[in-house]
1. Determine the distance separating the Cα centre of the range 1-21 from the Cα centre of the range 34-48; give it in Å without decimals.
2. Mind listing which GluC sites (Glu not before Pro) in the range 9-110 are in a DSSP loop and have 15 or fewer other Cβ atoms within 10 Å?
3. Exceeding 27 Å between C-alpha atoms, which entries from my cross-link table qualify? They are Lys25/Lys48; Lys53/Lys215; Lys48/Lys147; Lys25/Lys215; Lys25/Lys66.
4. Once amide H atoms are placed 1.01 Å from N in the peptide plane, what residues at a sequence separation of 5 or more from Phe131, or on another chain, have their amide H within under 5 Å of its amide H?
5. In the range 98-135, what trypsin sites (Lys or Arg not before Pro) fall in a loop by DSSP, with at most 11 other Cβ atoms inside 10 Å?
6. Report, in debye and to the nearest 20, how large the dipole of the chain comes out about its Cα centre when Lys and Arg carry +1 and Asp and Glu carry -1 on their Cβ.
7. So what is the calculated 222 nm ellipticity per residue for the chain, using -39500 (n - 2.57) for each DSSP H run with n of 4 or more, over all residues, to the nearest 500 deg cm²/dmol?
8. Express in nm, to one decimal, how much length is gained between Ala92 and Asp160 on full extension, taking 0.36 nm for each residue of separation and deducting their alpha carbon distance.
Amino acid sequence: MNKDLIIPTHVGIIVDGNGRWAQNKNLSRSEGHRAGFYRLKEICIYAKEMGIKYLSLYVFSTENFKREKKEVDYLMNLFVKLYNDEFLDLIANGIKVIFSGRREPLPKKVLSAMDKMEEASKNNTEAVVNFCINYGGQSEILDMTKKIVQQVVDGKIKTDDITLETLRENLYQNLPPLDYVIRTSGELRLSNFMLYQASYAEFYFPKTYFPDFTKNDFYDAIVEFNKRNRRFGGNAS
Ligand code: IPE
Ligand code: IPE
Ligand code: MG
């Protein structure tokens, strides 16, 4: 690994293209999801080894509940299996696992696997992996607003004391802003991913479908990040 690379603090991945990957191979969409999510574990461990402290993974949007029942059921069962089994390797690698999104209407078995994962990894400090599951960026902003309004109503804070830090503390997780967002499969949109956190992120849209997105591809993505000139509204250097 190149020691001179600038490593972003918080990277987001919009995991996309599982379905098309499967279709191209005459496989079922379920097989695409299986291949994609097994690939994801590799990327999590590799990102930690690269020194990335925060990784947010968009694995199921609130809107994905609109898909056929068969596909949603498959994904829910896959999440149970991953969180109870395959993803335990993340914990063994010192990764703290957290979740962002609404709990309702996730099935109980998924919630309990998520809770177990969170509890078992809560003292890990090497890196944080934040799974965005039943997640929507607009809903997150709405839920944050409700929490803050309630604190004002309860007299815990004054309206004038609300700062950007207050907003951050009341999102699903209190994480640093996203530096870099990678979306596989060639789609050029956010699809409701971390709208607030992505305000100054750099974006990268490789055409690769996620099940084919290797550690090398992830490394190339970080090399690409190093070519960007981030200005945050200041002067070009
Ligand atoms: C991403 O792959 C995984 C989830 C959204 C759960 P897709 O299922 O969206 O794959 P495509 O976009 O249909 O190829
Ligand atoms: C976005 O992918 C959601 C996740 C990756 C979990 P989709 O495949 O659902 O997004 P659209 O429908 O193409 O915008
Ligand atoms: Mg998709």
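Computed from the coordinates by the stated procedures, all read-outs in this text should not be read as laboratory data. Predicted model, so just to flag it, every value in this text is computed and none were measured. Positions of Cβ are generated from backbone atoms using ideal geometry, with glycine treated the same way; all protein chains shown enter the neighbour counts.
1. Between the Cα centre of the range 1-21 and that of the range 34-48, the gap is 10 Å.
2. Numbers: sites: Glu31, Glu42, Glu49, Glu63, Glu68, Glu71, Glu86; in loops: Glu68.
Those that pass, being in a loop and sparsely packed, are Glu68.
3. Details: Lys25/Lys48 31 Å; Lys53/Lys215 17 Å; Lys48/Lys147 32 Å; Lys25/Lys215 22 Å; Lys25/Lys66 24 Å.
Flagged as over cut-off: Lys25/Lys48; Lys48/Lys147.
4. Those lying under 5 Å, H to H, from Phe131 are Leu57, Ile98, Phe99, Ser100.
5. In loop regions of the range 98-135 (DSSP not H, G, I, E or B), the sparsely surrounded trypsin sites (Lys or Arg not before Pro) are Lys122.
6. The calculated dipole for the chain is roughly 360 debye.
7. My calculation for the chain gives -12500 deg cm²/dmol from helical runs alone.
8. Working: separation 68, 0.36 × 68 = 24.48 nm, distance 4.45 nm.
Separation in residues times 0.36 nm, less the Cα-Cα distance, equals 20.0 nm.
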